[in-house]
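Note sheet for the following structure.
The values are calculated or read from the model by the stated rules, or taken from the named source; none is laboratory data. Keep in mind it's a predicted model, so treat the numbers as computed, not measured. Neighbour counts are summed over all protein chains in view; Cβ atoms, including those assigned to glycine, are modelled from backbone coordinates with ideal geometry. For the accessible areas, the whole protein counts, side chains as well, though only heavy atoms, and no ligand, DNA or RNA atoms are used. Shrake-Rupley method; radii C 1.70, N 1.55, O 1.52, S 1.80 Å.
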Amino acid sequence: MKVEFEVNSTPNPLGRYLTWSPSPCRIRVSDPSGISGNSVNLKISSKTAGATGGSLVFRKTTSGPFSASINLTVPKSGESVPFQTAGKYPQASNRDGDVQIEAHNGTTLVGSVPVMVRIRKNANELTAEERERFLSAFAQLNAKGLGRFTDFREMHTSASRPQAHGAAGFLPWHRIYILDLERELQEIDPSVALPYWRFDLPAPKLFKKNYLGEANPLTGAVQFDSANPLQFWTTDGVQGFMRRPRFNTNTQSANVIDETATLNLGNDYDAFIDMEDDPHGYAHTSFMGPISSVPTAARDPLFFLLHCNVDRLWAKWQRKNVRYDYNSPQAYSTSPQPINHNLTDSLWPWNGVTGSGRPPTAPGGALASSLAVSAPGPMPLVLNTLDYQGNLSNLDRFGYDYDDVEFA
Amino acid sequence: MAKRKSAKKQTVKKSSQPSPAKLISTVTNDAVPEQERVQASRGASAAVLKDEAYFKKTMEVVLDQSQPASVRHACLQALEVASFQTIKFEKYRKDYILMMRKLARDSDPEIRFSALNTLSCEKDGYAQKRLLDGLKTPDKALVEPEVALQLLGNDVHAEVYSVARELVKKPPSEQVKTEALKLLAADSSASKIFEKVLLDKSENTENRQVSAAALHSIKPKSLYKHAASIVKDNSENDEIQATCLTALGNFFSDQDVKADADLVKGIQTLKKKGKTQVKKQATQFLKKFAE
Amino acid sequence: MNELTGLTTVELDSLSEEAFAEFVDRTAQDPAQQEFLTEFLREDHPVYRERGTAAVIRMRGWILISLAKQQFPPSAVLYLLEELDTAIHAYAVAAAACALRSLPKPDQLYAPFLLRALTNIRYHDESVSLEAYGEYPDESTDTCAVGEILKTIRWLGPLAGSIQSELRNVNGLSISEQKELDHLVSSPQAADQDTPPVDDCCQLPAGVSNLFTWMRGTRADCTPVEQTVFEDQSGNLIRYGELFTGGPTVVVFFYTRCDNPLKCSLTITKLAHVQKELERRGLASQIRTAAITYDPEYDHAQRLAQYGKERNFQTGAQHRLLRTVEGFEPIKKHFKLGVNYTRALVNRHRIEVFILDSAGAIAASFERLRWDEAEIVEKAVEMLHEAETCAKKTDSTSVFQNRVFSAIGPFAALGAAFFPKCPFCWAAYASLFGVVGLEQIPFSPWLYPVLILVMLINLLSVWLRCQSTKKMYGFYFVFAGAVAILAGSFWNLPLAATSGVISTFAGSLISALKPD
């Protein structure tokens, strides 16, 4: 007897990536030999490779509690039986396929599938292997074609800057922006999740030559190890970048308000959005260099890790205050906003809309897709960005989670 | 820093923050202790967006060279933070740029650098002109040449390439040469310079690494050719071999590498004989392409 | 030597900006020299070579300001509108807006350009000095791009009525600018003149539309660049002559490092719109689109592919992004491109779109201003119809020719009978026209022996005639002609065959002439 699994509604191995949000799965008998009746009882559980890999939980239906294992009756006919699985918070994977979904008939293993609990983690705490995979994918993405900066430059010119800054849409726009980047990284290496720079804590490992680089104390030029592919980082052809810290990167945090203060800015979105100023703006200006200025910030790869943390803070605030429902007046700004910042606005540039209040071009094309999830679609609206975990509707999940933000 | 942290912890709820008027009044009041003014400046970034008068008052503090440096630095950072809020900041932008141009000549080197950084990121013609003047006539320099080159690199269309070539030919220091090479990487007609530096064993390692990266951007086939020969060359230094292995392992396709039996053989030798870092990279390379 | 200034290229390269400004000041004072100075606004003018973009902006802006001190020449209005339409630097926009006011009279067609300039520059404005060359103020000058735009809108007065509704929605400017704008939109004059928007980018004031490099109705054939090799976004190599013949093409120029989204990025975005329209009309396989980079050394195939993909440009055999493989100069020269460089990097370029006819010749160009996709498609369709008509004409002409000439052959031969000089002449004429007639008959391999036989008869008859007249040069002509016709027929050399026919004709005629 043999069984087959389908994870995230796809037989494609590139869809076998999980988060804390429930993922739909199916199991079917692929080889019925040895089954006596019309069906077989199977125990579904997970097996972690090593001591620190990912771990899973399961449930039979789309609601109710999760448990470490479930029992399913699977027809001999080959008909699929649905169930759900999710990463067991906070046990994320360290590498691809370090946890398996297994099916046992009694004590006999009759089928398994390797999966990954792919979670965005604190950049300062990545394992060496995770760090190397991330750097390699990031450097390859930047070296492929034009790199990330070409589009960023265009998104931050005079006519385009207001689309993403200085109003309520700041957080939704950047949520999609870094999701787009992360999915592009995953096209190169599907095991990579974008790490975040927790700027309110010291991150000494991050600012080393084997990671995001160390600033030359005299010139501010960022230097890398010879094994670090980021030494090949160019933007518009210019090689490297400057990053002069205004704080001690070995012992101090950036000059920002801390996480507690950020989460306490208020329980209303209109109050919380002040985080664009502090900690976001202060994190940018904790350095002198391209990262401290709007038109050039993405010349420094740290920019993307900084915004990952900004998104994480929003995610934490959402969880703390239960702000996933766009119908809730406290979950998003209710006052009229400039275009691209209102709940029902489609987000530029992914929407491809130009002119009539939008910038004249929409560089970058539609949002990159994922084989693990279908949301938020190629042209998301502002309102799609709130339920990123699929708390209200499982189909709306974006396919990412943070290591310290549990599924609600 | 510790004091800043304690100030942060007091910022728990929005309602507990002082009013914008109070914050600005504290920041601009000479009679208030320096540290208190610095702490109040954190709120100034948001406060200035609420009233043009607050913005002007904060700007005056930054421009006033008689003010304590820490207060000026903190206020300057607050204005830089405010500039991120494009829509709200639009009405202040002109004055902000004018202030930065003045600050580019400030006696405080950190303020001077910060202003030139902001201006160069905005591709400001004034900053470019002053930085170029400084490179051509060191007496006029507002910052060190290696810093000026980096700042000019924020605009790929700056008039700097001829100067950079000259600095590569006759560098006043190795750091200047390195930064000039990084900038020249944007000039696709400079590939011969990079080939020469990369292949010159007597050249500084960092400059050779920069040249490898520059070739990767403007003439990738040339990098492949030279990197493949460098990793096979036993007399090459570890650092440059590691850089070449990094390039070969990350940026070239299976077809490029697998078809090159000589290269694979050379890396197998490196795996056996190289030093730790190179050995590790050779192992990773072979795992990816040849095993 | 440079024909405009009397300076050599080397001298122009080393010309200081100060010397340039003095030259501009001096020249602009003389109204007779204004047209001459306008020539310096061409992007490809050698004076801009090896200068950074910021310097080019300073220099061009200063020309606009200096020209405006007298009455602005009509031939330069296009340059003003170009800056308002696409410039992203405050100084350039301010200079253009200011210079517009020196025109003899306002025109409502300027209003949409001013509105676009306001949108382009408002989040990137700065104080500028229009008084002294190259001056970057560090004190408020009371002059900035938005300020100059508002002054010019005021100058337009009621003629700015078409943009009133858009202006009413503009907020967030500084207190003084917002006040000025509010005043402009709230004046009774403005309200009275609220007219429908004239936001047609291709509608230009009289005279301006005639200032393009390629005049409509003229063609620049592609012979000089026929052999130029391109690499496309997939790495395929193809020659100009192969790529751009057999159907019309819309060609644009761009480069991926362009930092003005209103130029290159918008150009590729619009070319993608053109593709969509062609597809909608079922013409995507008949009308090509191509985008050629100004920066072929940096814009490798992979970069081209990504730039196009991110702007929805569909690639395929008929639709490509291209870089020249060996140097860009022939293409630059052929298309008379408005581009200049500092080292390998573009420092300034204009927007340029071309329509090539089916022979790869430049049939039309659209330059500087934002172009209209529909107009481009119409022009390309026009070229397609022209090609189809020509093809039909060619087909019907050749059928006609075949029939007529094959009929003429015997008739001509009969006609020759009316002019018998002697029996030899008769034979000579008959064989000559026989040969000509045979040439026009559709290809039939079995006719070759006939052709050879007829030529032998002709040769013999001419030889006999020449013998009788004692003048052999007629025979030599016919002999050479026969060899050429045979060579041309066997090795498919049309020129040789044609020369052979002419030589045979000449020899036959000479031999048939009455001896003195």
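From its DSSP helices (H runs of at least four residues, each -39,500 (n - 2.57)), the protein assembly as shown gives a residue-normalised ellipticity at 222 nm of -14000 deg cm²/dmol. The mean number of partner chain beta-carbon atoms within 10 angstrom of a residue's beta-carbon across peptide C:172-182 is 2.
In the range B:181-230, the residues whose accessible area drops by at least 50 square angstrom when the other protein chains are added to the isolated chain are B:Lys182, B:Ala186, B:Ser188, B:Ala213, B:Ser217; the probe is 1.4 Å and only protein heavy atoms count. Length, then width, then depth: along the principal axes, the Cα atoms of the range B:84-228 run 55, 36, 21 Å. So, with a 1.4 angstrom probe, what is the percent of accessible area on the protein assembly as shown that is carbon and sulfur? Roughly 54 percent, rounded to a whole number. A Förster radius of 41 Å, combined with the Cβ-Cβ distance separating C:Lys336 from A:Thr344, puts the computed FRET efficiency at roughly 0.25.
Judged by the gyration tensor of its Cα atoms, with axes a ≥ b ≥ c, the range B:205-289 is oblate; a/c meets the 1.5 cut and b/c is at least as large as a/b. Taking all protein chains together and a 1.4 Å probe, the residues A:Met1, A:Met242 rank A:Met1, A:Met242 from largest to smallest accessible area. Across peptide A:277-288, the mean count of Cβ atoms from other chains lying within 10 Å of each residue's own Cβ comes to 6. Chain B packed on chain A takes about 5400 Å² of accessible surface away from a 1.4 Å probe, both sides summed. Using the average count of surrounding beta-carbon atoms within 10 Å as a protection proxy, the listed peptides A:255-263, C:267-275 rank, highest first, as C:267-275, A:255-263. The Cβ shell under 13 Å around C:Asp182 holds other residues with a net charge of +1, Lys and Arg each +1, Asp and Glu each -1. Calculate the length of the line joining the C-alpha centroid of the range C:267-339 to that of the range B:205-261, in whole Å. Their Cα centres are 32 Å away from one another. Accessible surface for C:Glu277 stands near 50 Å², nearest 10, in the context of the full protein assembly shown (1.4 Å probe). Within the shell of other residues whose beta carbon sits under 15 angstrom from the beta carbon of A:Phe398, the net charge comes to 0, with Lys and Arg scored +1 and Asp and Glu -1. If the chain linking B:Ser229 and B:Lys50 were pulled fully straight, counting 0.36 nm for each residue of separation and taking away their Cα-Cα distance, it would gain 58.3 nm.
Counting only other chain Cβ atoms within 10 Å of each residue's Cβ, the peptide C:61-71 averages 0. Taking label points 7 Å from Cα along the Cα-to-Cβ direction, B:Ser202 and C:Val229 give a separation of 3.8 nm. Value of Rg to Rh for chain A, rounded to two decimals, is 1.00; Kirkwood radius and Rg both from alpha-carbon coordinates. Taking packing as the residue-averaged number of other Cβ atoms within 10 angstrom, the listed peptides B:214-227, B:277-290, A:302-315 run from highest to lowest as A:302-315, B:214-227, B:277-290. Look at the alpha carbon pairs under 8 Å that are at least 6 residues apart: their mean separation over the length of the range A:216-322 gives a relative contact order of 23 percent. The convex hull around the C-alpha trace of the range A:15-109, projected and averaged over every direction, spans 6.5 square nanometres. Between A:Ser356 and C:Asn236, the distance separating the two model label sites (each 7 Å from Cα on the Cα→Cβ line) works out to 3.7 nm.
With Cα atoms defining each centre, the range C:114-153 and the range A:329-408 are spaced 36 Å apart in the structure. The alpha carbon gyration tensor of the range A:139-206 gives principal lengths a ≥ b ≥ c with a/c of 1.5 or higher and a/b no greater than b/c, which makes the shape oblate.
FRET efficiency for the pair A:Asn327 and B:Lys22, taken as 1/(1 + (r/R0)^6) with r the Cβ-Cβ distance and R0 = 30 Å, rounds to 0.25.
For the range A:111-168, the set of chymotrypsin sites (Phe, Trp or Tyr not before Pro) satisfying both a DSSP loop assignment and a count of at most 15 other C-beta atoms within 10 Å is empty.
The distance separating the Cα centre of the range C:365-381 from that of the range A:204-261 comes to 47 Å. Relative to the current alpha-carbon distance between A:Ala51 and A:Thr108, full extension at 0.36 nm per residue lengthens the span by 18.2 nm. Within the full protein context, the accessible area of A:Glu6 is estimated at about 40 Å² for a probe radius of 1.4 Å. Here A:Asn248 and B:Glu36 are evaluated by their C-beta separation; at R0 = 25 Å the FRET efficiency comes out at 0.60.
Along its three principal directions, the equivalent ellipsoid of the range C:69-165 from the Cα gyration tensor extends over semi-axes of 21, 16, 12 Å, largest first.
For the listed peptides A:38-46, A:26-34, a ranking on the average number of other beta carbons within 10 Å per residue, highest first, reads A:38-46, A:26-34.
For chain A, averaging the sequence separation of C-alpha pairs within contact (under 8 Å, six or more residues apart) and dividing by the residue count gives a relative contact order of 16 percent. Each Lys and Arg contributes +1 and each Asp and Glu -1, all at the Cβ; summed about the Cα centre of the protein assembly as shown, the dipole is approximately 2820 debye. Near C:Ala305, once Lys and Arg are set to +1 and Asp and Glu to -1 for all other residues with Cβ below 13 Å from its Cβ, the sum equals +2. Remark: C-alpha extents of the protein assembly as shown on the principal axes read 125, 97, 71 Å, sorted largest to smallest.
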